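Notes to accompany the following structure.
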Amino acid sequence: ARSELVGAGASPNIGFLATDRHLATPRADRVALRFIGRDDGRRELTYRDLARLSNRFANVLRALGVGKGDRVFMLADRVPELYVATLGALKSGCVVSPLFSAFGPEPVRTRLALGEARVLVTGASLYRRKVAGIRDALPRLAHVLLYDDGEAPGDSAGTCDLARLMTDAADEFETVATAPDDMALLHFTSGTTGAPKGAIHVHDAAVAHYATARFALDLHADDVFWCSADPGWVTGTSYGIVAPLLHGVTSVVDAADFDAVRWYRLLREERVNVWYTAPTAIRMLMKAGNEVVRGLRFPDLRFVASVGEPLNPEAVWWGLEVLGKPIHDNWWQTETGGIM
């Protein structure tokens, strides 16, 4: 897997492997990310788009004096800015730490402090509601980059308009070389056993993401893939961002909250081949009843997997009866960063 993904002696920078690596291949103009908004509006980014935009974000960081080893936190909904910034920060050699956008101010403050955040990428509304009031308690946080999340970035002290910075940035960026054991991602555990703990993952983790996406999730080159997990959790980063992009597949990203009718429609209309979800979501679909799915077929769906907690047998059988496929359980955790 390492030889196939990275090549002999090459630098395993996750941001480069997920984007620019595809530019010399037929995948360059394939849709990498298909964003579906709450209002069903769609925006698509090809691998070429993603490479260009992530280069721009890397140049934004460089202009701010932010570089290798600096911690860049994401507090964002499932919007293009989150994915572009994550990949651009990784290309810069920065350490990315994604946070769940539903966190309140105190969980956000705790993680930003523990992780020694230097940069935060977030929405203008999210900043006003969750960060502005705790900013004074975060002396290391030098830069806050705001995107429009229904509230336009204003003139808040100590913040910058991300869209304006991106417009002014160049499209070319030479990816920062990273050693296999250089830190890439910092994921915080949920804090159920005390204070949240930061789990460190390195650039060489890309090899595990690449291999497990193929052999545990059965990703093929032409697949449409949907990981329903939010990138604020490790599943949504490892298998919602990194793994599918390493394989050059098309990922569906849904901005809306759970809705059974909507999810069935997305599976069918987006012609999803591989679906990765959680037992909680499966139980919610089961609770919605079979009436909402009666008469529907999912001929493109080839493989369904679940992670997060043990999957009960009834859910496996339900998948076979309703989706036409059994649901395959798999096990891992924040600390491993990938399927075990």
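The values are calculated or read from the model by the stated rules, or taken from the named source; none is laboratory data. Treat the numbers as computed from the prediction; the structure is a model and nothing was measured. Cβ atoms come from the backbone with ideal geometry, glycine included; neighbour counts cover every protein chain shown. The protein model used for the area step is the full one, side chains on, heavy atoms only, and it has no ligands, DNA or RNA in it. Shrake-Rupley method; radii C 1.70, N 1.55, O 1.52, S 1.80 Å.
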Note to self: What does the net charge come to around Ala288 if you take all other residues with beta carbon closer than 12 Å to its beta carbon, with K and R at +1 and D and E at -1?
What the structure shows: +2
Next item on the list: Take every DSSP beta bridge with both residues inside the chain and express the antiparallel ones as a percent of the total, to the nearest 5.
Entry: 20 percent
Check: Where a ≥ b ≥ c are the square roots of the eigenvalues of the C-alpha gyration tensor, would you call region 69-209 rounded, which needs a/c under 1.5, or, failing that, prolate if a/b is larger than b/c, or oblate?
Finding: oblate
Note to self: Need one value: the accessible area of Leu138 in square angstrom, 1.4 angstrom probe, rounded to the nearest 10.
What the structure shows: 10 Å²
Item checked: Whole-angstrom gap from region 254-328 to region 69-139, using each part's C-alpha centre -> 31 Å
Check: Does region 219-309 classify as rounded, prolate or oblate by the C-alpha gyration tensor (a ≥ b ≥ c root eigenvalues; a/c under 1.5 gives rounded; else a/b over b/c gives prolate, otherwise oblate)?
Finding: oblate
Item checked: (i) 23.2; (ii) 22.2; (iii) 20.3, with the label sought being that of the calculated Kirkwood radius over Cα pairs in Å -> (iii)
Check: Within the chain, which is the longest segment containing none of the GluC sites (Glu not before Pro) that sit in a DSSP loop and have at most 11 other Cβ atoms within 10 Å?
Finding: 1-171
Next item on the list: Tally up the carbon and sulfur contribution to the accessible surface of the chain as a whole percent, 1.4 Å probe, everything protein left in place.
Entry: 52 percent
